[in-house]
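Everything on this sheet refers to the single structure shown next.
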Amino acid sequence: MKTIIEPFKIKSVEPIRFTTKEEREKILKEAGYNPFLIHADDVLIDLLTDSGTSAMSARQWAGIMDGDEAYAGSKSFYRFESMVKRITGMKYIIPTHQGRAAEKILFSIVGGKGKYFPNNTHFDTTRANIEFTEAEAMDFVVEVGKHPEERADFKGNMDIDALVNFINETGPDNIPLVMITVTNNSGGGQPVSMQNIREVRQVCDKYGLPLFLDACRFAENAYFIKMREPEFKDKSIEEICHEMFSYADGATMSAKKDALVNIGGFLSLNNEELAMKCRNLLIVTEGFPTYGGLAGRDLEAVAQGLEEVMDEHYLHYRIRSTEYLGEKVLSEGVPIIEPPGGHAIYIDAKRFLPDVPADQYPGQAIVCELYNVGGIRAVEIGSVMFGKYDKVTGKLIPPPMELVRLAIPRRVYTQSHIDYVAEVVIEVFENRDKLKGYKIAYEAPMLRHFTAKFEPVGEIA
Ligand SMILES: *Cc1c(COP(=O)(O)O)cnc(C)c1O
């Protein structure tokens with residue numbers, strides 16, 4: 001086997017800024033030890049998110065010039081619509097400015113008090129949009145998906161028995177729809193098998209429930225299906241996508257992921273009445289149905305990106321480069337969620353820093369050290385992001401996992417960048433005995449991880 005190479009050459013470059021360790025320590029301290037508050041310019045390799053950080057192709061940039069900015073009926077909309085229809089096979093395609101806007105519109109209509117929405121694992125914006133309507137978001141990922149160190153091919157699958165039990169207990173009348181997130185972002189970017197999607201469809205048919213896909217990483221999921229489900233080894237990615245979407249009645253999509261653009265999203269539906277309601281709400285909050293909060297040029301770039309993302313050479317490189325980083329750090333003993341998922345490597349901070357307790361934020365300690373040592377920006381997904389306080393004792397209630405996510409932007413970094421990231425992670429791991437925990441010096445009442453300020457434990461403020 002020869003080296004898997006980036007399936008593109010570079011036409012336009014963006015310099016990255018080098019800083020010294022002394023400069024970074026000062027920058028991090030001034031940012032209250034919260035990488036969200038660091039200027040992106042002070043980051044060497046930015047692995048904060050894979051959302052909206054893709055490099056666009058020459059053809060996408062050409063589409064930007066070619067975008068039709070007509071208020072109504074723009075030709076860019078029709079190109080976008082026909083591309084989304086080609087992939088999803090769905091009848092009604094509604095553009096939105098990003099994924100959460102599609103969620104907001106959908107759940108404003110089907111949500112509400114006393115309603116329940118099962119999913120393998122809800123992404124945080126999906127959960128927030130459901131809970132905002134006073135409905136409840138339920139997670140039913142398979143048991144193996146909750147164990148970082150256990151390997152399985154489809155750790156994003158829905159637990160079918162748990163789903164059926166829940167429907168029986170709750171009554172199908174209180175469940176407006178069932179959702180599956182492909183790949184399962186919050187569960188480590190783990191894929192969902194076609195077999196599992198079929199089984200969820202059967203359950204939905206039995207109880208008369210619609211099935212929706214949170215399709216943000218549909219192409220990455222399709223690639224995993226091709227690689228890991230023997231039935232699909234000779235099918236094209238587009239054929240696999242068709243089949244995945246064929247089991248769904250609707251889908252929400254953030255184009256900032258698998259449409260390879262910096263902004264955009266959509267809602268696709270088969271039900272005419274629901275589509276009418278969604279469009280009416282879209283006009284109030286997003287815009288006219290042929291642009292939905294986007295410029296015509298953005299719609300062009302999405303249409304082109306959706307075509308490019310299904311290219312097998314691209315997906316091969318994409319999934320392999322994530323796996324490559326995972327294998328490199330694993331070979332030196334760094335604990336991660338196994339096997340590597342599609343869009344990110346998740347370091348298991350509990351096993352990385354077993355002596356730093358949850359209320360001293362082990363994930364945050366690793367995130368800070370990755371920046372100090374190598375100028376790499378990652379994100380804590382643990383007690384900082386999801387920790388709650390006990391109302392009586394005021395003590396931290398930690399979430400089940402303490403993770404650090406290294407998300408890989410699409411088509412942005414080369415293999416030597418990834419080699420460098422692995423070296424930094426390994427260096428931090430080798431010196432882990434020196435790492436100290438952090439305490440929170442300031443926090444906002446909601447979504448505190450964005451703005452919180454920290455102090456190293458033991459330092460006099
Ligand atoms: C990013 C994401 C969303 C929300 O999309 P935005 O474009 O960020 O609003 C929803 N679901 C999943 C699985 C995501 O990864």
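Read-outs: derived from the displayed coordinates by stated rules, not from any lab. As the structure is a computational prediction, the values presented were derived from the model and not from experiment. All Cβ positions, even for glycine, are placed from backbone atoms using ideal geometry, and neighbour counts span all protein chains on display.
Quick notes on this one:
- When DSSP beta bridges are restricted to pairs lying wholly in the chain, around 70% turn out antiparallel.
- Each of ASN270 and ASP433 was given a label point 7 Å from its Cα along the Cα-to-Cβ line. The distance between the two points is 6.0 nm.
- Dipole check for the chain: with +1 at the C-beta of Lys and Arg, -1 at the C-beta of Asp and Glu, and the Cα centre as origin, the magnitude is about 560 Debye.
- Fully extending the segment from ALA441 to PHE288 would add 50.6 nm, taking 0.36 nm per residue of separation and subtracting the current Cα-Cα distance.
- If the segment from LEU281 to ASP419 were pulled out straight at 0.36 nm per residue, it would be longer than the present Cα-Cα gap by 45.0 nm.
- Region 17-33 - phi-based ³J(HN,Hα) in whole Hz, Karplus 6.51/-1.76/1.60, Gly and Pro as x: 9, 8, 10, 8, 4, 4, 4, 5, 4, 5, 4, 5, 4, 5, 8, x, 6
- Of the GluC sites (Glu not before Pro) found in region 107-168, the ones in coil according to DSSP and having at most 10 other Cβ atoms within 10 Å of their Cβ are GLU149.
- Potential lengthening between ARG151 and GLU134 on full extension [0.36 nm per residue; Cα-Cα distance subtracted]: 2.5 nm
- Annotation: lysines with alpha-carbon distance below 28 angstrom to LYS91 (same-chain offsets under eight excluded): LYS75, LYS104, LYS115, LYS206, LYS226, LYS235, LYS256, LYS257, LYS277.
- With Cα atoms, 0 to 90° folded angle of helix 194-207 axis to the chain main axis: 60 degrees
- DSSP-defined antiparallel bridges as percent of all bridges, region 58-308, nearest 5: 50 percent
- Cα gyration tensor, region 58-308 - rounded (a/c under 1.5), prolate or oblate: oblate
- Ordering of 189-202, 96-109 by packing is 96-109, 189-202, highest average first (other Cβ atoms within 10 Å, averaged per residue).
- Cα-centre dipole for region 58-308 with unit charges at Cβ (Lys and Arg positive, Asp and Glu negative), debye to 20: 420 debye
- Nearest 10 degrees, 0 to 90: helix 362-374 Cα axis against the chain principal axis: 80 degrees
- Efficiency of FRET between PHE18 and ASP173 - r from beta-carbon atoms, R0 60 angstrom, step 0.05: 0.50
- In region 58-308, Cα pairs under 8 Å separated by at least six residues give a relative contact order of 32 percent.
- Rounded tilt (10° steps) of 237-246 against the dominant C-alpha axis of the chain: 70 degrees
- Relative contact order for the chain, counting Cα pairs under 8 Å that sit 6 or more residues apart, in percent: 23 percent
- Region 50-67 - phi-based ³J(HN,Hα) in whole Hz, Karplus 6.51/-1.76/1.60, Gly and Pro as x: 9, 8, x, 10, 5, 8, 7, 7, 4, 5, 5, 5, 5, x, 4, 5, 7, x
- Value at 222 nm in deg cm²/dmol, rounded to 500, when DSSP H runs of n ≥ 4 in the chain each add -39,500 (n - 2.57): -12000 deg cm²/dmol
- Most to least packed among 7-16, 169-178 [average Cβ atoms within 10 Å]: 169-178, 7-16
- Partners for LYS439 among lysines (Cα-Cα distance below 22 Å; same-chain residues under 8 apart left out): LYS26, LYS29, LYS350, LYS388, LYS391, LYS395, LYS453
- Most positive-pole-ward Cα, THR125, ILE440, ALA101, against dipole of the chain from beta carbon charges: ALA101
- Taking amide hydrogens as placed 1.01 Å from N in the peptide plane, the amide H of THR96 sits under 5 Å from those of GLY265, PHE266, LEU267, each at least 5 positions away in sequence or on another chain.
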